[in-house]
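J.: Below is a structure I'd like to ask you about.
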Amino acid sequence: MNNTSRLQYLEAMGIESWQLRQQSTFLAESPLVEAITAIEPVSIAPQKPALPENPAVALIVPAVIQPVMIPADNWESLQSEVTNCRKCALCETRSQTVFGTGNKNPDWLFIGEAPGEQEDLQGQPFVGAAGSLLTEMLRAINLSRDDIFIANILKCRPPHNRDPHADEMAACRPFLERQIALLKPKVIVAVGRIAAQQLLNTDMAIGKLRGKVYRMNGIPLVVIYHPAYLLRSLSQKSKAWQDLQLALKTYQDMKGV
Ligand code: URA
């Protein structure tokens, strides 16, 4: 059957037929049209509504802009990041990191300088001779080591107990900041010159820094002499006692007792 007869039959049966229009010369010659017509046409299924027409479903449609979720910090991941830290050269010489110990819900946070030889070997802060004196100082204001948390500016021992370098303190600082944020202490005690200068971002002498109350991240901060220094300079012990009294008063003021 030729095409004309076929169309007549279809028309007689009431079936509409579609015929290609004559393409304009301009379109037919366009390379773009060639590319398009070379593609097999696809059948376009009728579009389904995006969601069932259930009003309850509309309520759970996700917002187009999702808020960025920052996972909350936690003690375990912080501790493991410190253990595996390789941010400065001290990781090459340490025996182990010293994260800090004590009460994880403390009113008091004591921050020293860096682990010494014994601390590096045992993985605990203030376990040498200076540590024993610190325990005595705590007892003088009715605190035990279980009441407080003790950490250091550096989590790794500097070789031969030299002073921490600025780049080491800068690399370690975020760990301490995260510890403070998680511990939420009522009072911070900076133990010794290095801790005081680093926390207060100053190079002022400790003799000038002690005797005042500062704020770090909104938390009152008091400076005391380092027990290792007190072991060498017995004449300063009365000043150390005054510093502890100031720390205690600051705490009592905070608590309103
Ligand atoms: N000195 C510090 O400052 N920290 C320690 O952990 C030990 C000694």
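Bear in mind that the values in this text are calculations on the coordinates, not laboratory data. Note that this is a predicted model, so its numbers are computed, not measured. Every residue, glycine among them, receives a Cβ derived from its backbone with ideal geometry; neighbour counts consider all protein chains shown.
J.: For a quick protection proxy, order the peptides 121-128, 153-160 by their average other-Cβ count within 10 Å, most packed first.
T.: Details: 121-128: 19.8, 153-160: 21.6.
Per-residue Cβ counts within 10 Å, averaged per peptide and sorted highest first, yield 153-160, 121-128.
J.: Continuing with the same structure: When a/c is below 1.5 the answer is rounded, else prolate if a/b is larger than b/c, else oblate, so apply that to segment 127-257 with a ≥ b ≥ c taken from the square roots of the Cα gyration tensor eigenvalues. Before the final figure, lay out each step's value.
T.: Working: a/c = 1.42, a/b = 1.12, b/c = 1.27.
In terms of gyration-tensor shape, rounded.
J.: Continuing with this model, one more query. Straight-line reach only, C-alpha to C-alpha below 23 angstrom: list the lysines that LYS212 could link to, leaving out same-chain residues fewer than 8 apart.
T.: Leaving aside lysines fewer than 8 places away in the same chain, those within reach of LYS212 are LYS184, LYS186, LYS237, LYS239, LYS249, LYS255.
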